[in-house]
Amino acid sequence: MSKSEKKYGDHLKLKKLNSIIKKNNCEKSALISTLLDIQSEYNYLPKEALIMVAKEMDIPLNQIYSVATFYKVFSLQPRGEHIINVCLGTACHVRGGGRIIDEIRRELKLKDNGGTTEDMKFTLEPVRCLGCCASGPVIVVDNEYHSQVTPKNVNKILKKYSDGRKVKKIIGSQDKNA
Amino acid sequence: MKDIDKFKQKLSRIRKSKAEESNRPCIIVSSGTCGEARGSKEVFLALKNVIKKYKLGKKVDIRLTGCHGFCQVEPIIIIHPENIFYQSVQPEDAEEIISETIINKNIIDHLLFKDPNNGKKIKLEKDIPFYKKQNKLLLKNNASIDPFKIEDYIGIGGYSAILKVLSKMKPEKVIDTIKESGIRGRGGAGFPTGIKWSIAGKTEGKKKYIVCNADEGDPGAYMDRSILEGNPHSVLEGMMIGANAIGAREGFIYIRYEYPLAVTTIDAAIKQAKKYRLLGKNILGTGFDFDIKIVRGAGAFVCGEETALMASIEGKKGEPRQRPPFPAERGIWNKPTNINNVETWANVPLIINNGAKWYSKIGTKGSKGTKIFSLVGKINNTGLVEVPMGISLKEMIYDIGGGIPENKNFKAIQTGGPSGGCIPKELLDLPIDYDELASVGSIMGSGGMVVMDEDTCMVDVAKYFLSFLEEESCGKCLTCREGIERMLEIVERITEKEGKKEDIETLKELGEVVKDASMCQLGQTAPNPVLSTLKYFENEYLAHIREKKCPAKVCRALISFKILKDVCNGCGACRIACPEKAISGEKKKLHSIDRKKCIKCGICFETCKFDAIDKRAGSD
């Protein structure tokens with residue numbers, strides 16, 4: 001373990017991390033909530049943060065590791081700048097959600113139905129149903145919903161994010177240029 | 001004067017002022033997650049700006065509410081007091097809505113709903129076919145209250161049930177009322193709620209817990225989300241009544257992190273209820289202590305199973321454990337715990353206010369009350385539907401759902417999520433009822449209904465659910481962990497042109513073993529999608545295995561694309577669109593697809609405006 005890790009990683013804005021852990025009074029039942037908050041702050045679960053959670057909340061590190069790997073939302077690896085959630089709920093599936101994810105994978109050159117691009121621009125994370133079944137297939141990029149996506153307009157949506165331009169919501173059937 | 005009497009007066013004051021407000025014109029913008037996805041917030045802001053422009057701020061109210069159910073035509077707005085229903089509203093319509101409808105009292109024709117059957121324009125929500133057969137006991141309030149305002153809930157009679165309980169009903173009486181109402185758990189298994197409560201009530205224990213299960217993990221189902229987003233106080237009130245009856249002092253709401261808006265609304269509702277002293281210590285001076293905490297899930301389907309959910313609340317990984325002991329005896333931290341689903345809790349205040357008799361008149365012999373379904377998939381009117389139990393699948397699909405888009409043929413309806421099954425068209429007269437659905441190999445589940453048409457491949461559907469369950473199995477039981485994986489391998493092989501004739505028998509046998517030998521409901525019901533598709537659609541499996549064809553033209557290895565020589569005019573659109581550069585041809589001349597390069601993504605098929613590309617069952 002490096003020196004910095006021993007000190008729980010100085011780069012982690014310690015004060016912030018501390019306040020996240022303390023927010024839930026270190027109650028053991030708040031472990032999942034605490035990890036969710038840490039992930040939303042740092043975009044993933046840094047190892048040093050988990051070590052600190054173990055110490056402050058008095059929970060064995062192996063238990064924290066088992067929780068962090070059991071629940072799908074947690075990532076132990078740094079994630080990309082933009083998070084793409086592709087809905088793979090049943091309604092989106094029967095409307096062709098599988099083809100959307102295939103197309104995104106192809107565009108981003110990702111091997112699996114998930115993962116981060118080499119340039120750390122995008123992380124693809126499929127989710128099981130966002131409950132927007134009327135608008136399927138749905139993808140969410142950085143918390144913005146795009147409905148009625150077709151393989152054809154995937155490229156267009158991704159391009160807007162990778163260009164870093166302000167993105168206007170693309171709605172399949174209503175997007176006149178699609 | 002007692003605290004409780006003071007509170008009663010406060011409620012009547014709020015109701016009086018709300019009643020006065022209701023005479024003013026009010027624009028209601030439906031804005032659940034689904035509405036937001038289609039731009040309801042933008043519509044709201046545009047309307048607000050126009051109201052400001054015309055200086056109407058003091059004369060016209062505008063309100064964001066939860067989902068109204070008819071997701072297909074979102075963004076929806078309703079204009080009170082006339083109840084004018086406008087659909088598919090865009091921000092650019094705001095000017096016209098204010099100047100024409102609000103100021104000049106004219107109806108805007110192009111925003112009205114058009115009945116697809118006769119082309120007539122419909123002005124009021126209640127006249128729209130989608131709503132006609134519904135009985136919206138729970139969902140109707142979504143269309144009138146601002147979920148962030150407790151006063152709105154009080155205005156429609158909210159919190160009178162808990163007042164009734166605290167002032168004149170003993171816990172036994174409350175439990176008896178719930179028992180007599182006949183309500184069964186809305187989460188999936190359909191256990192009678194009153195019996196659950198009475199066991200938890202009778203179990204000795206200083207500390208007891210109640211839980212609201214909002215881990216709505218079934219893909220294609222979002223009833224619970226809609227209640228939490230649209231009317232969170234109804235759930236809180238139900239939980240208060242339950243806690244008081246059972247003797248619990250602490251409650252948890254376990255909610256998926258995938259529902260950020262619902263987390264926000266329920267969190268705000270708890271804070272407001274605390275302000276009104278409806279939560280906390282010595283509630284309204286009656287000596288009743290009760291508090292509610294929110295616990296967010298983190299993306300694990302199995303946590304909807306109650307023992308796994310409890311482990312997750314304790315901060316552990318969500319692995320189920322053996323029952324008995326049931327949660328009512330040994331639940332969270334080994335204390336008696338009562339768990340009900342969101343929709344069940346939301347029904348409780350209704351039952352207390354109107355009585356068990358009233359409630360038990362709705363529905364069938366074994367299934368009482370109304371049930372909310374999410375009607376999704378290949379259906380014209382997608383949305384949330386609240387109907388009395390006992391309505392037939394046919395009425396659901398054709399009268400409410402408006403049938404299948406593009407006049408395609410109906411194939412099956414999938415109920416109960418990954419634990420449920422697919423029901424074919426021969427059984428469409430089946431009444432929707434816990435026992436009837438179970439009798440045909442499916443389940444009620446939490447209320448997801450996914451409609452499938454001729455373009456849906458049933459082998460692919462089975463593969464979809466198996467891959468879902470394989471990922472979601474916690475891995476504790478061998479049969480579930482390994483059995484589902486083996487079944488998935490077989491089905492994958494079938495869809496990849498490698499099916500063998502013995503596969504069907506092996507699938508059936510494996511399915512029965514996984515069913516019999518797994519510990520929790522996830523494993524016990526996991527083979528349902530495969531077994532029910534095998535039962536009703538064996539022919540499709542056989543076509544994949546013997547003829548190496550996918551009749552619905554879905555499974556990539558078993559389809560092919562061909563450009564029709566008499567139709568292709570050589571416009572080149574497909575050639576440009578093809579991501580693999582598999583299409584070649586000179587301008588204005590017949591194009592062709594290079595089979596070796598083609599990945600069968602179907603983009604050419606979608607791009608061609610002249611129907612010159614033929615999608616075929618069979619790979620050659």
Checklist entry - Taking the range B:18-47, which residues are in a helix (DSSP H, G or I) and either among the aliphatic types (A, V, I, L, M) or in contact with an Asp or Glu (Cβ under 8 Å, 6 or more places away or on another chain) (or both)? => result B:Lys18, B:Ala19, B:Glu21, B:Thr33, B:Cys34, B:Gly35, B:Ala37, B:Ser40, B:Val43, B:Leu45, B:Ala46, B:Leu47
Checklist entry - If you go through the range B:181-199 one residue at a time, do you hit one that is within 14 Å of chain A (Cβ to nearest Cβ), closer than 24 Å to B:Gly158 by Cβ and crowded, with 24+ Cβ neighbours inside 10 Å? => result no
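What residue, among those in the range B:201-216 that are crowded, with 24+ Cβ neighbours inside 10 Å and at pLDDT below 95, is nearest to the other protein chains (Cβ to nearest Cβ)?
B:Glu216
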Item to check | From B:Ser99, B:Ser88, B:Ser40, residue being in contact (Cβ under 8 Å) with a residue 12 or more places away in the chain, farther than 30 Å from A:Val140 by Cβ, of a type in the set (Gly, Ala, Ser) and surrounded by 14 or more Cβ atoms within 10 Å (Cβ to Cβ) | outcome: B:Ser99
Checklist entry - Among the candidates B:Asp429, B:Asp516, which residue alone is free of Cβ contacts under 8 Å to residues at least 60 places away in the same chain, away from chain A (no Cβ under 12 Å) and in a loop (DSSP other than H, G, I, E, B)? => result B:Asp429
Next on the checklist: Checking the conditions here, which among B:Lys588, B:Lys548, B:Lys581 is in a loop (DSSP other than H, G, I, E, B), in contact with a Leu (Cβ under 9 Å, 6 or more places away or on another chain) and surrounded by fewer than 20 Cβ atoms within 10 Å (Cβ to Cβ)?
Outcome noted: B:Lys548
Checklist entry - Quick check: is even one residue across the range B:279-286 of a type in the set (A, V, I, L, M, F, W, C) and within 14 Å of chain A (Cβ to nearest Cβ)? => result no
Checklist outcome for this item: If we ask which residues in the range B:361-416 are closer than 22 Å to B:Asp435 by Cβ and among the aromatic types (Phe, Trp, Tyr), their number turns out to be 1
Next on the checklist: Going residue by residue through the range B:160-171, is there one that turns out to be assigned to a helix (DSSP H, G or I) and free of Cβ contacts under 8 Å to residues at least 40 places away in the same chain?
Outcome noted: yes
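Residue-wise test of (1) within 12 Å of chain A (Cβ to nearest Cβ); (2) not hydroxyl-bearing (Ser, Thr, Tyr).
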site: B:Lys368; (1), (2): no, yes
site: B:Phe410; (1), (2): no, yes
site: B:Ile413; (1), (2): yes, yes
site: B:Ser419; (1), (2): no, no
site: B:Asp433; (1), (2): no, yes
site: B:Glu436; (1), (2): no, yes
Next on the checklist: With the structure loaded, tell me whether B:Tyr541 is in contact with a Pro (Cβ under 6 Å, 6 or more places away or on another chain), among the hydroxyl-bearing types (Ser, Thr, Tyr) and more than 13 Å from chain A (Cβ to nearest Cβ) or whether it fails that test.
Outcome noted: no
Item to check | In the range B:144-171, the residues that are in contact with a helix residue (DSSP H, G or I) (Cβ under 7 Å, 6 or more places away or on another chain) and of a type in the set (Lys, Arg) | outcome: B:Lys164
Checklist entry - Is there a residue in the range B:15-31 that is surrounded by 13 or more Cβ atoms within 10 Å (Cβ to Cβ), within 14 Å of chain A (Cβ to nearest Cβ) and out of contact with any Gly (no Cβ under 8 Å at 6 or more places or on another chain)? => result no
Checklist outcome for this item: When the range B:217-272 is checked residue by residue, the ones that are buried (at least 24 other Cβ atoms within 10 Å of the Cβ), acidic (Asp, Glu) and within 14 Å of chain A (Cβ to nearest Cβ) are B:Asp218, B:Asp224, B:Glu229, B:Glu258
Checklist entry - Do you know which residues across the range A:67-97 are more than 19 Å from the chain's Cα centre (by Cα) and part of a helix (DSSP H, G or I)? => result A:Thr90, A:Ala91, A:Cys92, A:His93, A:Val94
Checklist outcome for this item: Of B:Thr337, B:Thr382, B:Thr344, the only residue that is under 23 Å from B:Arg249 (Cβ atoms), within 14 Å of chain A (Cβ to nearest Cβ) and touching a residue at least 12 places away in the same chain (Cβ under 8 Å) is B:Thr337
Next on the checklist: When you check B:Glu306 against the structure, is it of a type in the set (Asp, Glu) and away from chain A (no Cβ under 14 Å), yes or no?
Outcome noted: yes
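The values are calculated or read from the model by the stated rules, or taken from the named source; none is laboratory data. Please read these numbers as outputs of a predicted model, since none were measured by experiment. We place every Cβ from the backbone using ideal geometry, glycine too, and count neighbours over all the protein chains shown.
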